[in-house]
Structure formats: C-alpha cells, structure tokens
Amino acid sequence: MNVHNQNFLDAERWQGLAFFADWQKTTAGVAEVRDPATGALVASVGIGGPADIARAAAEAKAVQKAWAKTTGVERAKILNKAADLLEENGAELIPWIMRESGSIYPKAGIEIEHGALFIRHAATLATLPTGLMLPTMDERTNYAKRVPHGVVGVISPFNFPLVLSVRSIAAALAFGNTVVHKPDPRTPISGGIIIARIFEEAGLPKGVLQIVPGGADAGEAMCKDPNIAMISFTGSAGGGSKVAEVAGRHFKKVQLELGGKNSLIVLDDADLDIAASNSAWGAFLHQGQICMATGLILAQESIAEALTEKLVAKAQHLPVGDPSTNQVALGPIISDGQVANIQRLVDDAVAKGAKLLAGGTHDGRFYAATVLSGVTPDMLAFHEEVFGPVACITTFKTEEEAIELTNNSEYGLAAGVISANSARAMRIADELDVGMVHINDQTVNGGPFAPFGGPRKSGNGTRIGGPADIEEFTTWKWISVKDAATPYPF
C-alpha cells in the first residue's frame, strides 16, 4: 500500500528524463513545464524527437509477443494494481494536475477518479472471451479470435491529460498490445509521468509501456514508424486530419476522437433554474476546454430571455484566477494563442450582431465567463469550437428547427436535451446526428463503460470505451483446422 507515501511521484526519479524501458535521457533534450496560471516552473522532462520515438517503438515491439502471452488474469492484476495506486496517491497527484493543466481542484479530482475507472474497466477486458466458432462448408473446424495489433501509439491532448491518455493506454495493454505514448508537451506529467509511475509500481514488465513527451515531429514519427501498428489520437480536428493522412499512407489502423460543437437544446417546458445550471456547467467547466463542452445553447423562443438572464447571473458570479488558491471556479486558458483565438470568435460574433451580456474580456490567460446571445449561423462562434468559457445562445421556434440547427454542423460529438417530458426529448434525440445524446443533462458526460465518439470532424467512425475497446484495440484472426492435409486437383 502506498497510501501513506508522501512522495509517490518522486520527481528526482524522472526530472529531465522520459520513460523507455526505464527512466532515461532523450536525444531531443529537456523541456520545462510551467504553470499556465503563474508561469512558475513545475518541473522539467525529457522531450522526444523522431529518434526517440524510433527507439521506443523498437523496444515496445521487442517485448510485445511476450506480453501478449501473459494470461488475461495476470494483465488484469497489474491493471487493477495501477488503479489502486492512482486512487491511493490522489491527494499527492491532484496538485500536480492543477499546477500543470490549470485545473481547479474538483476537475483534477475527476481525473483521478475517472482515470482509475478506465483502468479498472480495462482490467475486465483482459479476461473477456476473445473468440467464436464459425460455420463450416466441409469437415474442417473454423474459429476466429481477437488478437492484439502489436504496438499501439497513443497521442493525447492537454485538457484532460490523465484521463484521455490512460483510457487508450489501459485498454491497449489489457488485450496484449504494448504502447508508445506521446503526451502533449504542455502536460507531460499529468498525461505521462503519473501514468508511468503507477504502472512502474504495479509491476508492468519493462518496455511494455514507453512514454515520450514530444511535439508534432514526434507525433509524425509515430504515424510513420514501421513498428507501430495503430495510432489512437485524441485532439483537434486539424491535428486528427494530419494524423489520419500520414498514418493512412503507412497502412496503420487509426482511431480518432476529435472536437465538438455540441448543442444543448432547452425546450419550453424545462425548469429554467436547472437548465441554466446545466448550461453554465457545460459551457464553463475547465474554462470550456473540453471536446464535449456545450458549444451552443439552443433555447426555445418563449423561454430564451428568462434562461439567458439566469445564465448571465451565473457567469457574473464565477471567479477567475489561480486554481491553487482554491477560491476560483475558472482557471487559466492553456496558452496565449488560445486566448487570442477565443477573443477572435467573441469579437466576430459581436461585430455581426450578437449581444455580449457577460465577460468577453481577459486578464492575461484568465478569461471571464462569457455569454453571447443572438448567435446566428453567419457567425464564426456558431460553427467553430471555441475551447474557451463562452456560452453561445441561439433561439429556435420548433423542435424541427432545433434538430436542423444541431445537425447543421461539421461536428457530431455530443448533444443534450432538457425537457420535463422525457419522451418528447427522446424523440428529438433520435433525430440528432451525433455520437452521444444526454437527456436532461448537459453535454459534458463521459466514462469507461460507453462507446465515446462521433461522426464528421468529431472522429473517423471509431469509438473508444465500453464494448468499442474490443473493436479498436484488437483485430480478427481466422483459423481453420483440418485433421490432415488433403490433395488438390493441381
């Protein structure tokens, strides 16, 4: 038990290094990790380039067959131990997540809780039946079984760095794959070091998991490397398009979980206090830097004004600042460039007639909770993923119009419908062309047990989580058996 260990992460072990078969230097040097709220140095890590990726992939390939031959029970035991370690050391790890990613305490706590759930779900996958008998046309026996791809490359983003890394890593390991993981270089501790440490202490064999933080050049190297059979990517639509293009040229399986412009439909029979609470949570949680964030609030005309007033009141009372004070609801935006992009979208909407009712300003990276009403399809904020704390309100008259506004999007990740009549909401949900719909809930909803993903710019038809993990992280192998070889006419 490590519950009493106050130095589980043990920074001296990994400062300036990456996790290959052990903690070692990279050829691409060292990168500083800084708190986006204060600019203070958090730590330094080894940063990987193409040569480091090639090394990691070759080492992972060398041990993959042996890892695949371990029993599912053995793999499940290691996974469950890793989950135990994550939970037991949460009190130490949460501040690291806060400092590195700009998370408030509750959001960082969700990463620990959900991260452990994803690992435990993966442990159950390790012992699932993996084959079936097939019909036959002659005397032979036919069966098919699911087998690992080999080496899986995982590329994860900055916003939920722990959860969005471990959900792919753990599922891939459960089925006997080895993993090369490239966390975002802005969050290599939450998205990489923590994961390396829990699996290191859980007894994962050396080389089975390789974690090398890096930039675009490292990601491209993963997509090209002949030792990597699959890429699991979570990030922007632009980044996903490049991954799919490069990996596709090298005949790799690609699983993409990308962005969203997610609609929350509020019908005229909704409880407006609850609807405003859902809207605020969906739009403002983690500064709106979530692929599932509520990108559009579609309010039926008769209740739109009242709902807007309640949402504005909430936005005006959400303090913004350094999460380490534990006195704020919103922390910093991840980078100055992202702040500029948020402002661009807000300014464009206002210039085209939207009303700025709250926020719309920032102090450095601290962007105020913002409410825009009268957002229309000619505005960039209607279509583009803001990735900032901006609630965009659009009105509709009929249910058919709400459905059309939701489906008129390049994205298709998530949606929510709030109504006092669940049957009415479900009829609307059936018409929405998205991967996930939440009845009487906002759009930020995820977990290990459901297939997560969406069409168009939200992904490539793949899903992650629940039963989808079997489809994504294994492939079919058909075996036919004859008692003895027989002659053919030639």
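The values are calculated or read from the model by the stated rules, or taken from the named source; none is laboratory data. Keep in mind that what you see is a predicted model, and the values were worked out from it rather than measured. Glycine gets a Cβ as well: all are built from the backbone with ideal geometry, and neighbour counts include every protein chain shown.
Out of 244, 276, report the one residue that is part of a helix (DSSP H, G or I), touching a residue at least 60 places away in the same chain (Cβ under 8 Å) and aliphatic (A, V, I, L, M). Spell out the reasoning first.
Values: 276 fails: touching a residue at least 60 places away in the same chain (Cβ under 8 Å).
Checking each option against the conditions leaves just 244.
What strands (runs of 3 or more DSSP E) completely inside the stretch 281-390 contain at least 2 residues that are of a type outside the set (A, V, I, L, M) and within 21 Å of the chain's Cα centre (by Cα)?
Because the criterion is at least 2 residues that are of a type outside the set (A, V, I, L, M) and within 21 Å of the chain's Cα centre (by Cα), the strands (runs of 3 or more DSSP E) in the stretch 281-390 that meet it are 294-300.
Which residues, counting only those in the stretch 1-35, are at pLDDT 90 or above, part of a loop (DSSP other than H, G, I, E, B) and out of contact with any Asp or Glu (no Cβ under 8 Å at 6 or more places or on another chain)?
The answer is 10, 15, 16, 17, 22, 25, 29.
Please determine, by comparing only the residues of the stretch 417-460 that are in contact with a strand residue (DSSP E or B) (Cβ under 9 Å, 6 or more places away or on another chain) and of a type in the set (S, T, N, Q), which one is nearest to residue 238 (Cα to Cα).
458
What pairs can you find where one residue is in the stretch 154-165 and in the same structural domain as residue 109 (by TED's automatic domain parsing) and touching a residue at least 24 places away in the same chain (Cβ under 8 Å), the other is among the small types (Gly, Ala, Ser) and part of a strand (DSSP E or B), and their Cβ atoms are less than 6 Å apart, with a gap of 6+ or different chains?
From residues that are in the same structural domain as residue 109 (by TED's automatic domain parsing) and touching a residue at least 24 places away in the same chain (Cβ under 8 Å), the pairs are 154/232.
When residues of the stretch 114-144 are filtered for being at pLDDT below 95, charged (D, E, K, R) and surrounded by 14 or more Cβ atoms within 10 Å (Cβ to Cβ), how many remain?
So the answer is 0.
From the list 69, 107, 65, 61, which residue is of a type in the set (Lys, Arg), surrounded by fewer than 14 Cβ atoms within 10 Å (Cβ to Cβ) and within 25 Å of residue 155 (Cβ to Cβ)?
Of the residues listed, the single one that is of a type in the set (Lys, Arg), surrounded by fewer than 14 Cβ atoms within 10 Å (Cβ to Cβ) and within 25 Å of residue 155 (Cβ to Cβ) is 65.
Go through the stretch 264-307 and report how many residues are under 29 Å from residue 456 (Cβ atoms) and hydroxyl-bearing (Ser, Thr, Tyr).
2
Please specify each residue of the stretch 468-489 satisfying the condition of being closer than 30 Å to residue 434 by Cα and over 17 Å from the mean Cα position of the chain (by Cα).
470, 471, 474, 475, 476 - these are the residues of the stretch 468-489 that are closer than 30 Å to residue 434 by Cα and over 17 Å from the mean Cα position of the chain (by Cα).
Answer yes or no as to whether residue 470 is more than 17 Å from residue 237 (Cα to Cα), among the aliphatic types (A, V, I, L, M) and either touching a Gly at 6+ places or on another chain (Cβ under 9 Å) or in the same structural domain as residue 122 (by TED's automatic domain parsing) (or both).
yes
With out of contact with any strand residue (DSSP E or B) (no Cβ under 8 Å at 6 or more places or on another chain) and at positive phi as the only criterion, which of 10, 84 stands out?
Going through 10, 84 in turn, the sole match is 10.
For a quick check of your reading of the model, give me the residue pairs whose first member lies in the stretch 187-209 and is on the phi > 0 side of the Ramachandran plot, whose second is part of a helix (DSSP H, G or I) and modelled with pLDDT of 95 or more, with beta-carbon atoms closer than 6 Å and at least 6 apart or on different chains.
203/78; 207/59; 207/63
Hey, could you check the stretch 34-55 for residues that are over 22 Å from residue 12 (Cβ atoms), within 23 Å of the chain's Cα centre (by Cα) and hydrophobic (A, V, I, L, M, F, W, C) and say which is surrounded by the most Cβ atoms within 10 Å (Cβ to Cβ)?
Filtering the stretch 34-55 for residues that are over 22 Å from residue 12 (Cβ atoms), within 23 Å of the chain's Cα centre (by Cα) and hydrophobic (A, V, I, L, M, F, W, C), the one surrounded by the most Cβ atoms within 10 Å (Cβ to Cβ) comes out as 53.
When residue 65 is evaluated against the numbered criteria (1) within 19 Å of the chain's Cα centre (by Cα); (2) outside any loop (DSSP other than H, G, I, E, B), which criterion, by number, is the only one it fails?
So the condition that residue 65 fails would be (1).
So, residue 81, is that one assigned to a helix (DSSP H, G or I) and at pLDDT 95 or above or not? So that I can check it myself, show each step before the final result.
Working: assigned to a helix (DSSP H, G or I): yes; at pLDDT 95 or above: yes.
So residue 81 passes the test.
Name, by its number, the condition in (1) surrounded by 24 or more Cβ atoms within 10 Å (Cβ to Cβ); (2) part of a loop (DSSP other than H, G, I, E, B) that does not hold for residue 233.
(2)
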